[in-house]
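The values are calculated or read from the model by the stated rules, or taken from the named source; none is laboratory data. Given the structure is predicted, the values throughout are model-derived calculations rather than measurements. No Cβ is skipped: glycine too gets one built from the backbone with ideal geometry, and neighbour counts run over all protein chains shown.
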Amino acid sequence: MNDASAHAPTRAERRSARLNDPRFDRFRSTTARRRLVIAMAVMIALEGFVLALSGLLGGGPVLVVAASAGVLVLLVGFVLCLGTLKVSTRGVEELGPDQLDERQLQVRGVVYAQAYKIGSGLLVALLAAIVLWSMFVGTNPPSTVVTAVLLVSFHLTIVLPTLVAAWHERV
C-alpha cells in the first residue's frame, strides 16, 4: 500500500469538504439561508397546488401535460435549492458525529428536536383537515388532493431538518 492510498479521504470526509467549501460562503449568512428556506417552502407549496388543481379541473390531456411540466420544473428547482441549503448549513443536519465539532452537534440536537415538533404539528393539522373535510363536505377529499398532500408531506419529511437548520441562527 502506498502513502497516497493509505491517506485517501473517506466518503464522509469528501462530503464534509464539499459542504464546507468556502466558494459557497455567500449562502451561509442568516439572510441568505432564510431566503432559501422561503424559496423551498414556496416550491413545495406550488408543487402541491399544481397537482391538486390539475386534478380538480378535470385532468384533460393538455392540463396533465402542463401540470407535469410545471411539477418537473419545480422538482429541478427543489433539487438545486436543497443542495444549496445543505451547503449553507455545512451539513450539520446530515454529517456523522465524527465530522462535526461540539457546537455543531449541539445545534443538530436542537434542529432535530424542532423539526420533530414541527413535523408532528403538521401531521396533526393534516389529519384534522381530513376529518373536517369529511365532516363538513360529507365525502373524502378527491384523490388528486390526497396525492398532492402526500407528495408535499413526503418532501417536507425529507427536507424539514435542513429547513430548520437553515433557519437556525447559530448554524
Counting just the residues of region 93-145 that are of a type in the set (Val, Ile, Thr) and without any contact (Cβ under 8 Å) to a residue 40 or more places away in the chain, which one comes out nearest to residue 158 (Cα to Cα)? 124
Being loosely packed, with under 15 Cβ neighbours inside 10 Å and either under 21 Å from residue 151 (Cα atoms) or not aliphatic (A, V, I, L, M) (or both): is that true of residue 39 here? no
If you check 68, 88, 54, which single one turns out to be within 27 Å of residue 151 (Cα to Cα), crowded, with 19+ Cβ neighbours inside 10 Å and out of contact with any Phe, Trp or Tyr (no Cβ under 7 Å at 6 or more places or on another chain)? 54
Condition check: modelled with pLDDT of 90 or more, outside any helix (DSSP H, G or I) and not hydrophobic (A, V, I, L, M, F, W, C). Does residue 90 satisfy that? yes
Is it fair to say residue 149 is over 28 Å from residue 27 (Cβ atoms), hydrophobic (A, V, I, L, M, F, W, C), touching a Leu at 6+ places or on another chain (Cβ under 9 Å) and surrounded by fewer than 19 Cβ atoms within 10 Å (Cβ to Cβ)? yes
Only one residue in 52, 17, 66, 39 is in a helix (DSSP H, G or I) and either in contact with a Lys or Arg (Cβ under 6 Å, 6 or more places away or on another chain) or in contact (Cβ under 8 Å) with a residue 60 or more places away in the chain (or both). Which one? 52
